[in-house]
Amino acid sequence: MSFQPLHFYQTGTFTVGNRLLAEEDRTVQAEIGRTNSLNSGHRACQGCGEALGARFAIDAAMNAARGRLIAANATGCLEVFSTPYPETSWQIPWIHSLFGNTAAVATGIAAAIKVKKQKGEMGDVRVVAQGGDGGTTDIGFGCLSGMFERNDDVLYICYDNGGYMNTGVQRSSATPPAARTATTMPVGPEPGNAFGQGKFLPAIAMAHEIPYVATATVAGLHDLEYKVTKAMGMRGARYIHILVPCPLGWGAASQDTIKLARLAKETGIFPVFEAERGEVTGVLKIRRQQPVEEYLKLQKRYAHLFGKTPAVETIARLQAAADKNIRKYGLLDQEAN
Amino acid sequence: MDKPFAITLDPGSSLANHTGSWRTSRPVYVDRLPPCNKQCPAGEDIQGWLFHAESGNYESAWRHLTKDNPFPAIMGRVCYHSCEGACNRGQIDEPVGINSVERFLGDEALKRGWKLTAPTAESGKHVLIVGAGPSGMSAAYHLRRLGHRVTVHEAGPLLGGMMRFGIPKYRLPRDVLEAEMQRVVELGVHVQLNSKVENILDTMQDGKFDAAFLAVGAHIGKRATIPAGDAAKIIDAISLLRSMEGEDQPMLGRRVVVYGGGNTAIDVARTAKRMGAEPLIVYRRTREKMPAHDFEVEEALQEGIMVKWLSTIKQADESSLTIEKMALDSKGFPQPTGEFETIEADSLVLALGQDVDLGLLEGVPGLQVSDGVVQVGSNMMTGHPGIFAGGDMVPAERNVTVGIGHGKAAAKHIDAWLRSEEYVAPVKHDTAAFENLNTWYYTDAPKTVRPMLDIIRRQSTFDEVQGGLDESTALFEARRCLSCGNCFECDNCYGVCPDNAVIKLGPGKRFQFNYDYCKGCGMCVAECPCGAIKMEAEEI
């Protein structure tokens with residue numbers, strides 16, 4: 001187990017904080033003095049999972065780096081809603097890169113810091129690069145793979161909402177099968193994104209055998225903070241992939257963002273694990289397993305599966321994919337034995 | 001104009017952008033009424049005192065509890081804890097062991113010698129209380145705390161009323177009872193034992209009392225007309241239990257038959273068992289129809305007490321009883337079958353309910369009595385202004401908790417009446433339903449089982465049957481509380497807001513919404529474990 005829940009019964013360690021927990025066991029998000037890296041007034045939609053995930057991750061990174069952090073940010077939702085000229089929501093040193101080169105920009109910043117440190121002109125400053133799934137798995141993949149391969153000292157965080165959301169919900173290589181977008185089959189026998197396409201970037205990152213790869217969701221704050229803090233304690237190329245539900249692109253109610261992230265993990269659709277040098281070292285077990293329908297039916301992008309004649313076969317294929325994850329990563333307790 | 005190339009504006013903060021204007025509905029913090037509090041006949045703020053107990057602050061918990069009920073050590077033993085039946089946690093695993101934590105707090109207070117809070121000012125008014133049972137002593141406590149002079153007249157030789165003369169000591173040890181009674185007396189409550197009030201109006205006039213609260217209880221055992229031979233030994237249950245408190249314990253013989261199906265019948269049978277007799281309960285209906293609480297029946301059966309179901313007693317003789325078998329009709333009422341049976345019995349104890357001795361009320365104008373009990377209004381006042389009544393002598397369920405609740409309610413109304421005002425109870429919050437909770441956040445934790453005395457000692461001694469929790473198990477049990485409908489500062493709303501629109505005010509101060517930036521997504525409501533936030537439509 002990567003993250004150990006405390007033997008504490010009122011709310012366990014599932015809540016953000018708890019007045020009965022020791023200070024050191026509370027999350028960064030529970031602190032009055034948290035950085036609030038991404039401040040109020042940003043223009044993200046109601047219930048935006050990415051805005052939430054970014055604040056969770058960068059606040060934790062700021063905490064781990066004692067406030068000495070620079071972030072490079074790919075074009076995408078996160079950049080668009082946080083920095084309409086001349087305003088910014090960022091309360092940390094932050095630079096906007098092109099859509100595809102944020103990993104390379106971060107590499108450059110890290111290299112510059114290294115030189116300045118050698119010259120004694122500055123102390124240690126850590127570098128984070130961040131982007132959505134489009135900027136990471138599609139457009140910026142070449143730069144990212146290079147950053148991994150060179151083992152540059154950058155933590156790359158991908159906020160995966162499964163599509164290009166701010167431009168009108170187009171498909172990306174992280175869009176899950178059967179999910180409808182503006183650029184997938186709207187009608188026909190199998191509407192929505194095709195099966196057998198796309199990529200799961202955490203696995204590709206692991207194939208680079210970089211020091212640390214992890215996945216997380218906005219529903220597991222303790223786990224997410226644990227992983228960011230652990231990554232910040234390491235040097236070299238590190239990659240964290242955070243599932244961030246998108247009420248707009250997924251066609252979900254704004255209050256269901258965390259519920260959906262939780263269901264993605266509890267169904268097995270999104271495996272939550274960590275890996276060091278290409279080997280899985282820990283998984284977050286499923287606590288209350290649910291069938292995939294519970295996750296799918298809350299989202300309009302899957303509404304075609306639940307029409308007058310439910311697409312039983314398609315749902316079964318999605319369930320099979322979730323079951324495969326459960327087997328592959330040992331997400332259920334009995335399978336761990 | 002000292003700006004970089006192509007830059008014309010100074011960098012600004014997004015705080016200039018008040019995203020609160022997007023909102024069509026707003027989250028609002030609420031306090032909902034937990035089902036346990038709603039259920040409690042004594043009106044305890046159970047969730048409130050558990051909140052303190054959860055942090056290990058037992059004295060604060062005890063002080064919070066005793067605002068409503070001064071007898072937690074007694075309650076933690078004899079209350080039928082209907083709160084636990086209402087507990088939302090019962091729908092997750094098992095209800096919180098509220099009763100056992102209450103007992104722990106009560107025992108802790110006795111061990112540490114915590115004192116009740118004394119009144120800060122005297123009102124100059126003098127209230128008479130008749131009866132030193134749960135209801136009378138509860139009223140005495142609350143009236144004293146409100147600054148009134150209180151005098152209690154008790155007909156019996158000791159404090160406690162039915163708690164002493166009705167509840168056997170294996171359920172309520174006498175040192176616990178005495179200690180909690182004395183703690184109320186120490187507040188400056190004047191008690192006159194062995195002083196039966198013969199006429200309430202005379203006593204009030206003699207003592208120049210401004211108001212009176214009657215709580216004489218129901219101490220007269222009901223008799224059934226059973227044809228009996230001269231030598232048959234028939235005694236009523238309440239006299240038997242009362243005589244257990246004296247020097248001369250009653251001689252019952254070996255084969256004791258207890259007639260009735262209520263809690264008193266069980267108490268008598270278990271008492272007889274401990275005196276070395278072989279008790280047999282005779283009851284005219286079935287176990288399902290028995291008014292006694294199921295756990296008491298279960299404990300009695302464990303101790304080897306026999307029950308004869310569907311039977312009535314037709315005739316009592318010196319060493320035998322004639323019993324007629326009954327059958328339930330289609331409406332569930334027992335009907336005689338004409339089949340008779342003789343059983344051996346040295347004595348017969350009648351546990352058929354109790355009546356109220358209303359002698360003291362003769363000639364009181366305006367007073368209304370029906371079905372043998374005194375009628376009172378919702379303010380606990382009888383038809384005679386200034387005379388209030390509660391406990392077993394008014395129409396209500398007869399148990400200690402209800403009595404304590406009456407005492408508290410009456411005290412509030414008497415206090416208002418003495419000032420020529422009317423007490424208006426604050427409006428109750430909406431109930432915190434199970435549907436209001438997000439149970440994901442609570443870990444599974446089964447209820448802590450209280451230790452029980454071994455069966456041999458239960459059959460032969462009057463030692464207390466049910467044990468208490470120790471500190472670690474009491475803390476565990478308190479922390480199983482879901483805090484239904486009341487913020488317990490888990491920081492979820494503060495953490496899950498994508499817009500940082502929740503302001504954390506610090507320990508004990510809870511949170512506040514920043515409506516300048518709240519977009520009204522509702523995530524805080526969905527992720528609040530205890531249902532302490534609700535969405536309200538925005539006026540547009």
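The values are calculated or read from the model by the stated rules, or taken from the named source; none is laboratory data. In this text the structure is predicted, and so the values were computed from the model without any measurement. Cβ coordinates were reconstructed from backbone atoms using ideal geometry, including for glycine residues, and neighbour counts include every protein chain displayed.
Annotations
- Scanning the stretch B:482-525 for residues that are part of a helix (DSSP H, G or I) and without any contact (Cβ under 8 Å) to a residue 24 or more places away in the chain yields B:Y494, B:G495.
Yes/no matrix, rows are residues, columns are (1) within 12 Å of another protein chain (Cβ to nearest Cβ); (2) surrounded by fewer than 17 Cβ atoms within 10 Å (Cβ to Cβ); (3) out of contact with any Phe, Trp or Tyr (no Cβ under 7 Å at 6 or more places or on another chain):
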| position | (1), (2), (3) |
| --- | --- |
| B:F5 | no, yes, yes |
| B:D10 | yes, yes, yes |
| B:A16 | yes, yes, yes |
| B:R32 | no, no, yes |
| B:S55 | yes, yes, yes |
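- Listed conditions (1) surrounded by 18 or more Cβ atoms within 10 Å (Cβ to Cβ); (2) in a loop (DSSP other than H, G, I, E, B) are all met by B:A61, apart from (2).
- Selected residue [touching a Gly at 6+ places or on another chain (Cβ under 7 Å), over 22 Å from B:R112 (Cα atoms) and away from every other protein chain (no Cβ under 14 Å)] from B:A86, B:A42: B:A42
- Looking only at residues of the stretch B:320-334 that are touching a strand residue (DSSP E or B) at 6+ places or on another chain (Cβ under 6 Å) and of a type in the set (S, T, N, Q), we find that the one that is farthest from B:P227 (Cα to Cα) is B:S320.
- Selection within the stretch B:421-445 - within 14 Å of another protein chain (Cβ to nearest Cβ) and part of a loop (DSSP other than H, G, I, E, B): B:L437, B:N438, B:Y442, B:T443, B:D444, B:A445
- Filtering B:C521, B:C528 for residues that are within 13 Å of chain A (Cβ to nearest Cβ) and more than 28 Å from A:E23 (Cα to Cα) leaves a single hit, B:C521.
- All conditions in (1) surrounded by fewer than 16 Cβ atoms within 10 Å (Cβ to Cβ); (2) out of contact with any helix residue (DSSP H, G or I) (no Cβ under 9 Å at 6 or more places or on another chain) hold for A:K265, with the sole exception of (1).
- For B:S472: the one exception among (1) over 16 Å from B:G90 (Cβ atoms); (2) of a type outside the set (A, V, I, L, M, F, W, C); (3) surrounded by fewer than 14 Cβ atoms within 10 Å (Cβ to Cβ); (4) away from chain A (no Cβ under 13 Å): (4)
- Residues located in the stretch B:285-299, provided they are over 21 Å from B:D329 (Cα atoms) and of a type outside the set (G, A, S): B:H293, B:D294, B:F295, B:E296, B:V297, B:E298, B:E299
- Failed item, numbered, when A:T35 is tested on (1) in contact (Cβ under 8 Å) with a residue 40 or more places away in the chain; (2) at the interface with chain B (Cβ under 8 Å from one of its Cβ atoms): (2)
- Residues satisfying the stated conditions in the stretch B:231-264, i.e. more than 25 Å from B:E296 (Cα to Cα) and touching a residue at least 24 places away in the same chain (Cβ under 8 Å): B:A231, B:A232, B:K233
- Within the stretch B:393-408, being touching a strand residue (DSSP E or B) at 6+ places or on another chain (Cβ under 9 Å) and either under 20 Å from B:V127 (Cα atoms) or modelled with pLDDT of 95 or more (or both) holds for B:M393, B:V394, B:H406, B:G407.
- Of everything listed in (1) modelled with pLDDT of 90 or more; (2) of a type in the set (D, E); (3) assigned to a loop (DSSP other than H, G, I, E, B), the single unmet condition for B:D267 is (3).
- Condition check for B:R145: under 21 Å from B:P41 (Cα atoms) and of a type in the set (K, R): yes
- Among residues of the stretch B:503-518 being of a type in the set (A, V, I, L, M, F, W, C) and more than 10 Å from chain A (Cβ to nearest Cβ), the one that is nearest to B:C87 (Cα to Cα) is B:F511.
- Some residue of the stretch A:98-105 being within 25 Å of B:N500 (Cβ to Cβ) and either in contact (Cβ under 8 Å) with a residue 24 or more places away in the chain or acidic (D, E) (or both): yes
- Within the stretch B:114-122, not a single residue is within 23 Å of B:M393 (Cβ to Cβ) and under 23 Å from the mean Cα position of the chain (by Cα).
- Segments classed as helices (runs of 4 or more DSSP H), wholly inside the stretch A:223-327, with at least 1 members that are within 14 Å of chain B (Cβ to nearest Cβ) and within 21 Å of A:G132 (Cα to Cα): A:247-250, A:257-267
- Single residue of the stretch A:17-29 satisfying the filter (under 20 Å from the mean Cα position of the chain (by Cα) and facing chain B (nearest Cβ under 9 Å)) that is nearest to B:N57 (Cα to Cα): A:T27
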